[in-house]
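The structure under discussion appears below in the form of structure tokens.
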Amino acid sequence: MSGKRKKKKGTDSNTIVLNRKARHEFTIEEKFEAGMLLEGWEVKALRAGRVNIAESYVTVKNGEAFIFNCTINPLQTASTHIDPEPKRIRKLLLNRNELDKLTGLIERKGYTLVATAMYWKKGRAKLEIGVAKGKKLHDKRADEKDRDWKRDQARIMKNR
């Protein structure tokens, strides 16, 4: 018997969900990886892709990080002895140095913490937190203009 495991079909990507809206609304300056304290039905729902982090945000209270407005919709086959709550507040797992750094950035420099992505890493659900500042309307327009110009450049170079 060989010691190699066969890869399951359909598991090409470890990404559960991306928050594209956060990249549009905010300038993300630094990223952190955090674990999440989840219940069993939530893990099953994540595997099925029933999660939305578009409106979610992270806060630090009493030296602990929490994610708000992260919606995890339960599966129809959720257990009968629990009452699943899709928008419950979930605790994030960060080390003390990261929590202290995030607290300082939020309180002193006025940054916002947004969830940018959720993915699997070694069988555990991880949340990518972006330290962000809000964009003004003219910044959004400039980004869109740059994106369009790069797309046109690629099209021009392809046709040469």
Inset, instruction - Scan (1) in contact (Cβ under 8 Å) with a residue 60 or more places away in the chain; (2) part of a helix (DSSP H, G or I) for the single condition residue 133 breaks and write down its number. - result: (2)
Inset, instruction - Would you check which residues across segment 118-127 are open to solvent by 40 Å² or more (accessible area, probe 1.4 Å) and touching a residue at least 40 places away in the same chain (Cβ under 8 Å) and list them? - result: 119, 120, 121, 124, 126
Legend entry - Unique match (being modelled with pLDDT under 90 and within 29 Å of residue 102 (Cα to Cα)) among 34, 22: 22
Inset, instruction - Examine segment 96-117 for a residue that is in contact with a Cys (Cβ under 9 Å, 6 or more places away or on another chain) and either without any contact (Cβ under 8 Å) to a residue 60 or more places away in the chain or open to solvent by less than 100 Å² (accessible area, probe 1.4 Å) (or both), and state whether such a residue exists. - result: yes
Legend entry - Extreme residue, farthest from residue 68 (Cα to Cα), among residues of segment 78-131 that are within 13 Å of the chain's Cα centre (by Cα) and among the aromatic types (Phe, Trp, Tyr): 120
Legend entry - Qualifying residue in segment 139-155 (condition: open to solvent by 50 Å² or more (accessible area, probe 1.4 Å) and under 22 Å from the mean Cα position of the chain (by Cα)): yes
Legend entry - Residues of segment 37-67 satisfying the condition of being closer than 19 Å to residue 114 by Cβ, buried (at least 19 other Cβ atoms within 10 Å of the Cβ) and small (Gly, Ala, Ser): 56, 65
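The values are calculated or read from the model by the stated rules, or taken from the named source; none is laboratory data. In this text the structure is predicted, and so the values were computed from the model without any measurement. For neighbour counting, all protein chains shown are included, and Cβ atoms are generated from backbone atoms with ideal geometry for every residue, glycine included. Side chains are part of the model used for accessible areas, which takes the heavy atoms of the whole protein and leaves out ligands, DNA and RNA. Shrake-Rupley method; radii C 1.70, N 1.55, O 1.52, S 1.80 Å.
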